[in-house]
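Written below as structure tokens is the structure these notes are about.
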Amino acid sequence: MTGHDSHGDRWFDREAGPVVRPYAVTKGRTLPSGGASFGLIDVVIATSERQPEFLRLGPEHRRILSLCRRPTPIVDLTSEIDLPLGVVRVLLGDLASEGMVRVLSTQKQPVTDERLLRMVLDGLESL
Amino acid sequence: MDLNRFNGAVPPPGTGVGGSVPSTAKILISGGFGVGKTTLVGTISEIRPLRTEEPMSDRSVGVDDTRGVRAKTTTTVAMDFGRISFPSGLVLYLFGTPGQERFWFMWDELAIGAIGAVVLADTRRVADCFAAIDYFERSGIPFIIAVNCFDGAPRFEPEDIRIALSLGPEVPIVLGDARQRDSVKQVLVSLVRYVMSGNRRPNQVVRAHGAG
């Protein structure tokens, strides 16, 4: 896992390593509070500029809030702020329990939504 | 775990204040090591990095062999994903499934809400995609086989490949080239059409890794 970046074999250089262990920013918590589960392509939206009631916002919370002013899928958010997915989920759980973000969960039907499939098909065919 | 709980997000119109809410969908790109998964994703989409450092939870029991390494509580995966944004507001994500066995737990994560999967096969070593086929059959995720036609690889008729992979008659097999954009587009279109056709076998098993 070194920094060479040839086409088709792309790794991102993290040789320096994090300054802080990833789960230090979550104070060691590995699961979101309240048992929330966030899917990779769920969309996060910041809902409020107000100060949280119970949560002391860390810099990572603020970065998430700032990125989510525009509705942003969790996978893009995670890629953008360059923290591990598990960490982002915990931080999102904090923000969601304060009502500062809303997470639009993906659909829960057992059958894939026809409208979504049609959008995907039309999109692909237009490429 | 019910892998079919989520099937992509189509938010109600008019939600969101700071911009429109994208609809999101994902497709998995799977197959053996070196078969061209990353090439395929890069041919048709913008590639972005994703870092995961997942706690080894009960989700990975029986998957990650943690005997003798009890002290290790997290495992790190650096991976890429592809993203295609469409003018309709749809964002389609392509996730390559990690190859190593210790990353099986990531497959469940990736599989939740996936439209379906493309299993890339190399005719020089078809057995490499057995694990992927097994996984998708067991978890009830619709998949198609895309035979990546490498230069110099032996050419087979799709029906020979069907026999070699013990596939049912309903699973589409398409020949393609992971380096060619049009070809990749056709592969993805084939998958979506297959899912829409309802022609696939009903989901037999919902658990991805279970007692079975």
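Quick note: the coordinates plus some simple rules give every number you see, no bench work behind them. Since the structure is predicted, the reported quantities are computational estimates derived from the model, not experimental observations. FYI the Cβ positions are ideal-geometry reconstructions off the backbone, even for glycines, and counts take in every protein chain you see.
Just the ratio, please: alpha-carbon radius of gyration of the stretch B:88-139 over 2.2 N^0.38 Å, N its number of residues. So the Cα radius of gyration is 1.27 times the expected 2.2 N^0.38 Å.
Ranked by the mean number of other Cβ atoms within 10 Å of their residues, highest first, the peptides A:117-124, A:71-78 come out as A:71-78, A:117-124.
For A:E114 and A:F54, the FRET efficiency from 1/(1 + (r/R0)^6), where r spans their Cβ atoms and R0 equals 41 Å, is about 0.45. Net charge of the neighbourhood of A:V103, taken over other residues with C-beta under 11 Å away and scored Lys/Arg +1, Asp/Glu -1, is +1. Averaged over peptide A:36-44, the number of partner chain Cβ atoms lying within 10 Å of each residue's Cβ comes to 6.
In what order do B:K185, A:K27, B:K37 fall by count of nearby beta-carbon atoms within 10 Å, going from fewest to most?
Sorted ascending by nearby Cβ count, the order is A:K27, B:K185, B:K37.
May I ask you to derive the FRET efficiency for A:E80 and B:S166 from their Cβ-Cβ distance with R0 = 30 Å, giving the value to the nearest 0.05?
On the way: r = 42 Å, r/R0 = 1.41.
The computed FRET efficiency comes out at 0.10.
Put simply, the amide H of B:G113, placed in the peptide plane, has neighbours under 5 Å in B:R5, B:F6, leaving out anything fewer than 5 places away on its chain.
Placing R0 at 51 angstrom, the Cβ-Cβ distance between B:V189 and A:S66 gives a FRET efficiency of 0.85 after rounding to 0.05.
Of all the Cα-Cα pairs you can form in the stretch A:21-106, what percent are over 18 Å apart? Spell out each step's value before the answer.
On the way: 1161 of 3655 pairs.
Considering the stretch A:21-106, 32 percent of its Cα-Cα pairs are separated by more than 18 Å.
Per residue of A:67-80, other chain Cβ atoms within 10 Å of the residue Cβ number 5 on average.
A cut-off of 5 Å between modelled amide H atoms, ignoring neighbours fewer than 5 places along the same chain, links B:I29 with B:F95, B:G96, B:T97, B:V118.
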